[in-house]
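Notes follow once the structure below has been shown.
The values are calculated or read from the model by the stated rules, or taken from the named source; none is laboratory data. All values derive from a computational prediction rather than experimental measurement. Ideal geometry is used to build each Cβ from the backbone, glycine not excepted, and the neighbour counts take in all protein chains shown. Protein only, heavy atoms only, side chains kept; ligands, DNA and RNA dropped before computing areas. Shrake-Rupley method; radii C 1.70, N 1.55, O 1.52, S 1.80 Å.
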Number of protein chains: 2
Amino acid sequence: MDISEDALLVAIRKVLSGAGPEVRVGVGDDAAVVAPGTGDLVLTTDALVEGSHFTLATSTARDLGYKAIVVAVSDVAAMAASPRYALCALTLSGSVDAAWVMELFGGMREACDEYALWLVGGNLARGSEVTVAITAVGEAAPGRARTRDGARPGDVLVVTGALGAAAAGLRLATVPPRAPNADERAASARLARPVARVGEAGVLARHGATAMIDISDGLTLDLSRLCAASGVGARLELEAVPVAPAATQAEALGGGEDYELLVTLPGDAAVTGAADELREAFGVSLTRIGVIIEEGLVAVSSDDDESPLEPTGWDHFRDA
Amino acid sequence: MDISEDALLVAIRKVLSGAGPEVRVGVGDDAAVVAPGTGDLVLTTDALVEGSHFTLATSTARDLGYKAIVVAVSDVAAMAASPRYALCALTLSGSVDAAWVMELFGGMREACDEYALWLVGGNLARGSEVTVAITAVGEAAPGRARTRDGARPGDVLVVTGALGAAAAGLRLATVPPRAPNADERAASARLARPVARVGEAGVLARHGATAMIDISDGLTLDLSRLCAASGVGARLELEAVPVAPAATQAEALGGGEDYELLVTLPGDAAVTGAADELREAFGVSLTRIGVIIEEGLVAVSSDDDESPLEPTGWDHFRDA
């Protein structure tokens, strides 16, 4: 590093200056101190690791900082909670300099501004690869956080937006097209700067969502997790799954990092009501892709053929 | 890894089973949900990185898990707050297997039991080196958290326990003695399993502590940080600094990872009162090592010679 740790901390603090009245002690002390809200506390942590989630060659520092915050915020959203605070445990390698770190924090600041949370603390360490571990703290009305385990047979399975864009973006980064079209550029942008469905989750909770999860590791894998947690099964209508313009159906079913919400709602009236509100308030679609059943994961094809659904998606420990 | 991510998560959850009534949703959902306390929230994050803070050859998984929690708890203690919850963002390399990970979480669980906090969430990722990033959430009575910035000229500078043990332990790990004596074994144990001064910090706060920091990067470096934050200077009496039995004076002054508390108190009466209570309640010594002055860092030797104090200690970005 071309700067001492303490000098870097001073520079970082400038990028982060400004915090609401509820932040009593921000970055710079042993810990941050914030005034408590009146709701339940929602706590989550997530990490982006060089080589596994990004490379320095293909990600800008600013996009990486932005994405690290959004990924953690998405987990708060998936509980139907509002993000409030973030902390960053950063491991830096010899491949990055102080300017890169400033850009990284600039990207975090951008995302924090957009999602209305404060970066109140962090830690710097040195390693052989860059890791950005973000903890997000959110708030939910007491007892109103939505979990994965409330889905019941008969509930309707819905998904926000379209799936597969991030996976398509990853494919396009590996084999870049000579002249990417608008859909392909959008897919690449979605990979670099994902969207966390914070407001959307609130709408879905108000319409009675029984279970909620963000699709970070792939639709079928995250569906299998929701079903396992709820002790239920699901019939997934393959042709109903909304596929992002540049993506393939396989990418929509198994691609991770879309951060769309997979939600169960208690009936078609709730789906219609939530879909109308999401379209009007956020311009975001809500698509019915199946139904919760007693047990088993079943894939239904366009000609009503049924076959067992094998979850595919991102397992961090699958041998590469 | 010899096991899938989901199977590993199931195993981890078993190690962590059991949580207080204030934990509404623990490990396993997108985020944890906990009931808020009545106090201010204290938030901190810290990471142990392979190669930088430990090696797999010299640290057991159990000690590493234990230490990772204690290091974060120490930051909560240094705010005079009580630890409540922890989250763990874990990066695993191909060098460790599921049994190692279980031992790591076993060590975290041990430390969480000892310091009365709950590990409520986490994240698993894969990388080329192991990183254990812990976020600790604590609670302090509203407005009563102690920061680094309250030291005033005339305040007395005190330190808990003795310093340099962890640095001595690190030296002994590098060049192991053929037959380590009791002091050397204690130093090695202190490096592997540090102590966070949670209860002690509460006593010091009640006796009017004006500023508080845990000595993680070395006495002189952390003293310089406390002084910079408070806008004051300090006279440090070198001979007064309590040196751990196996350590050298240089290790006591510049060695990191002791996690003792460096505190300013508003006068000698407060020092005597706090020292008595710490000895009785915890068997921990409190030593007067200097005084806060208007500006400058001054080292005073045994024959009252004064010289500028150059902070030495752990800068993560100093070229190795």
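Measuring nothing but label to label, 7 Å from Cα along Cα→Cβ, what are B:Thr312's distances to the other copies in nm, shortest first?
6.0
Averaging the inverse of every distinct alpha carbon separation and then flipping it gives the Kirkwood radius. What is it for segment B:134-211, in angstrom units? Kindly include the intermediate steps, with their values, before the conclusion.
Working: mean 1/r = 0.0649 Å⁻¹.
Averaging 1/r across every pair of different Cα atoms and inverting gives 15.4 Å.
Using alpha-carbon positions, what is the distance between the centroids of segment B:94-151 and segment B:205-232, in Å?
When both Cα centres are located, 23 Å separates them.
Which percent of the accessible area of chain B is formed by carbon and sulfur heavy atoms (probe 1.4 angstrom)? Can you show the working numbers first?
Values: 6180 of 11900 Å².
On chain B, the fraction of accessible area on carbon and sulfur atoms equals 52 percent.
Might you report the magnitude of the Cβ-based charge dipole of segment A:129-249 about its Cα centre, with Lys and Arg at +1 and Asp and Glu at -1, to the nearest 20 debye?
Working: 13 positive and 12 negative charges, 30 e Å.
The dipole of segment A:129-249 has a size of about 140 debye.
By its C-alpha gyration tensor, with a ≥ b ≥ c as the square roots of the eigenvalues, how is segment B:83-191 shaped: rounded for a/c under 1.5, else prolate for a/b larger than b/c, else oblate?
Numbers: a/c = 2.22, a/b = 1.12, b/c = 1.99.
It comes out oblate by the Cα gyration axes.
With axes computed from alpha carbons, what is the tilt in degrees of helix B:5-15 against the longest principal axis of chain B, rounded to the nearest 10 within 0 to 90?
Around 60 degrees separate the two axes.
Pairs of alpha-carbon atoms within less than 8 angstrom and 6+ residues apart define the contacts here; what relative contact order does chain A have, in percent?
On the way: 736 pairs, mean separation 66.7, N = 320.
So the answer I get is 21 percent.
Given H placed 1.01 Å from N in the peptide plane, which residues other than close sequence neighbours of B:Ala211 have an amide H under 5 Å from its amide H?
B:Thr264
Non-local amide H neighbours of A:Phe54 (under 5 Å, H modeled in plane, Pro and chain starts lacking H): which ones?
A:Val49
Got the A:Asp276 label distances to the other copies yet, label 7 Å along Cα→Cβ, in nm, shortest first?
For A:Asp276, the other copies' label points sit at 7.4 nm, shortest first.
With only alpha-carbon pairs counted, each pair once and no self-pairs, how large is the Kirkwood hydrodynamic radius of segment B:1-113 in angstroms? The partial results should precede the final answer.
On the way: mean 1/r = 0.0654 Å⁻¹.
Mean inverse Cα-Cα distance, inverted, gives 15.3 Å.
When the Cα atoms of segment A:212-320 are enclosed in a convex hull and the volume is divided per residue, what value in Å³ results? Numbers along the way, then the final one.
On the way: hull volume 13.4 nm³, N = 109.
Hull volume normalised by residue count: 123 Å³.
For segment A:115-121, take each phi angle, set θ = phi - 60°, evaluate the Karplus expression 6.51 cos²θ - 1.76 cosθ + 1.60, and give the result in whole Hz per residue in order, putting x for glycine and proline.
These are the phi-based 3J(HN,Hα) values: 9, 6, 10, 10, 7, 10, x Hz.
When the convex hull of the C-alpha atoms of chain B is computed, what volume per residue in Å³ does it have? Spell out each step's value before the answer.
Working: hull volume 45.7 nm³, N = 320.
Once divided by residue count, the hull of chain B is 143 Å³.
Just counting partner chain Cβ atoms within 10 Å, what average do the residues of peptide A:75-82 show around their Cβ? List each step's numbers first, then the result.
Values: counts 6, 2, 2, 3, 6, 0, 3, 0.
Taking the mean over all residues of the peptide, I get 3.
Chain A: longest stretch without exposed trypsin sites (Lys or Arg not before Pro) (DSSP loop, at most 12 other Cβ within 10 Å), sites themselves excluded?
It runs A:1-177.
Could you calculate the FRET efficiency of A:Val10 with B:Ala240 from 1/(1 + (r/R0)^6), where r is the beta carbon distance between them and R0 is 30 Å, rounded to 0.05? Please report the intermediate quantities before stating the final value.
On the way: r = 31 Å, r/R0 = 1.02.
Once the sixth-power term is evaluated, E becomes 0.45.
Over segment A:181-320, what is the percentage of antiparallel beta bridges among all DSSP beta bridges, to the nearest 5?
Values: 11 of 15 bridges.
Taking every DSSP beta bridge with both residues in segment A:181-320, the antiparallel ones total about 75 percent.
Per residue of B:118-127, how many C-beta atoms from partner chains lie within 10 Å of its own C-beta, taken as a mean? Mind dumping the intermediate values first?
Working: counts 0, 0, 3, 7, 4, 11, 4, 10, 9, 13.
Per residue, the number of nearby Cβ atoms from other chains is 6 on average.
Hey, what angle do you get for helix A:268-282 against the long axis of chain A, alpha-carbon based, 0 to 90 degrees rounded to 10?
The angle comes out at about 40 degrees.
How many partner chain Cβ atoms sit within 10 Å of a residue's Cβ in peptide A:128-139, on average, as a whole number? Could the numbers behind the result be given before it?
Numbers: counts 7, 7, 1, 9, 2, 14, 5, 13, 3, 6, 2, 1.
The per-residue average across the peptide is 6.
For helix B:61-77, report the angle its Cα long axis makes with the longest principal axis of the Cα atoms of chain B; keep it between 0 and 90° and round to the nearest 10°.
Its long axis makes an angle of about 50 degrees.
Go ahead and estimate [θ] at 222 nm for chain A from helices alone: -39,500 (n - 2.57) per DSSP H run with n ≥ 4, summed, over the residue count, rounded to 500.
Values: 9 runs with 109 residues, N = 320.
Helix-only estimate at 222 nm: -10500 deg cm²/dmol.
Looking at the square roots a ≥ b ≥ c of the eigenvalues of the Cα gyration tensor of segment A:103-150, which shape do they give, rounded for a/c under 1.5, prolate if a/b is larger than b/c, or oblate? Provide the component values of the computation, followed by the final result.
On the way: a/c = 2.83, a/b = 1.76, b/c = 1.61.
Prolate, because a/c is 1.5 or more and a/b exceeds b/c.
Compute the FRET efficiency between A:Ala189 and A:Ile3 as 1/(1 + (r/R0)^6), taking r as their Cβ-Cβ distance and R0 = 45 Å, and round to the nearest 0.05.
The computed FRET efficiency comes out at 0.90.
At 0.36 nm per residue, and after removing the present C-alpha to C-alpha distance, how many nm does the segment from A:Arg206 to A:Glu22 gain when stretched out fully?
So the chain would gain 63.6 nm between A:Arg206 and A:Glu22.
Between B:Arg84 and residues 5 or more places away or on another chain, which pairs have amide H atoms under 5 Å apart, with H built 1.01 Å from N, and which residues are they?
B:Val137, B:Gly138, B:Glu139
If I build a Gaussian network model for chain A, linking alpha-carbon pairs within less than 10 angstrom, which residue out of A:Gly202, A:Gly37, A:Gly218 has the largest mean-square fluctuation?
In this elastic network of chain A, the residue with the biggest mean-square fluctuation among A:Gly202, A:Gly37, A:Gly218 is A:Gly37.
In chain B, what % of DSSP beta bridges are antiparallel (nearest 5)? Please report the intermediate quantities before stating the final value.
Details: 41 of 56 bridges.
Bridges in chain B are about 75 percent antiparallel.
Sorted by accessible area with a 1.4 angstrom probe, largest first, how do A:Tyr115, A:Tyr85 fall? Provide the component values of the computation, followed by the final result.
Numbers: A:Tyr115 30, A:Tyr85 10 Å².
Correct descending sequence by accessible area is A:Tyr115, A:Tyr85.
List the distances, in nm and shortest first, from the label point of A:Gly154 to the matching label points in every other copy, placing each point 7 Å from Cα along the Cα-to-Cβ direction.
The answer, with the shortest distance listed first, is 7.5 nm.
Can you give me the solvent accessible area of B:Leu253 with a 1.4 Å probe, rounded to the nearest 10 Å²?
Taking all protein chains as shown, B:Leu253 has close to 30 Å².
Could you calculate, for segment A:120-257, the ratio of the Cα radius of gyration to the Kirkwood radius, expressed as Rg to Rh? Spell out each step's value before the answer.
Working: Rg = 17.5 Å, Rh = 17.1 Å.
Result for segment A:120-257 is an Rg/Rh of 1.02.
Between B and A, buried accessible area summed over both sides at probe 1.4 Å, in Å² to the nearest 100?
Values: alone 14530 and 14550 Å², together 23810 Å².
So the buried area, both faces added, is about 5300 Å².
Tell me, what is the 1.4 Å probe accessible area of A:Asp214, in Å² to the nearest 10?
So the heavy atoms of A:Asp214 present about 0 Å² to solvent.
Can you tell which of B:Ala145, B:Ala281, B:Ala186 shows the greatest fluctuation in a Gaussian network model of chain B with Cα springs below 10 Å?
Result: B:Ala281 has the largest fluctuation of those listed.
Enumerate the whole-percent occupancy of each 20 Å bin, from 0 to the last occupied one, for all C-alpha pair distances of the protein assembly as shown.
Once binned at 20 Å, the Cα pair distances of the protein assembly as shown give 19, 51, 24, 5, 0.
Let's test the formula: R0 of 60 Å, r as the Cβ-Cβ distance of A:Arg152 and B:Glu280. What FRET efficiency results, to the nearest 0.05?
Values: r = 57 Å, r/R0 = 0.96.
Computed FRET efficiency for A:Arg152 and B:Glu280 comes out at 0.55.
Give me the 1.4 Å probe accessible area per residue for segment B:17-150, excluding ligands and nucleic acids, in Å².
On the way: 3970 Å² over 134 residues.
Accessible surface, normalised per residue, equals 30 Å².
With θ taken as phi - 60° and the coefficients 6.51, -1.76 and 1.60, list the Karplus ³J(HN,Hα) couplings across segment A:152-165 in order, rounded to whole Hz; mark glycine and proline as x.
10, x, x, 4, 8, 8, 10, 9, 7, x, 10, 10, x, 4
Which one, B:Asp40, B:Asp29, B:Asp75, has the greatest fluctuation when you compute a Gaussian network model over chain B with C-alpha springs under 10 angstrom?
B:Asp29
Which aspartates and glutamates, on any chain, are close to B:Lys14 with Cα under 16 Å apart, when same-chain ones fewer than 8 places away are left out?
B:Glu5, B:Asp6, B:Asp29, B:Glu103, B:Glu110, B:Asp113
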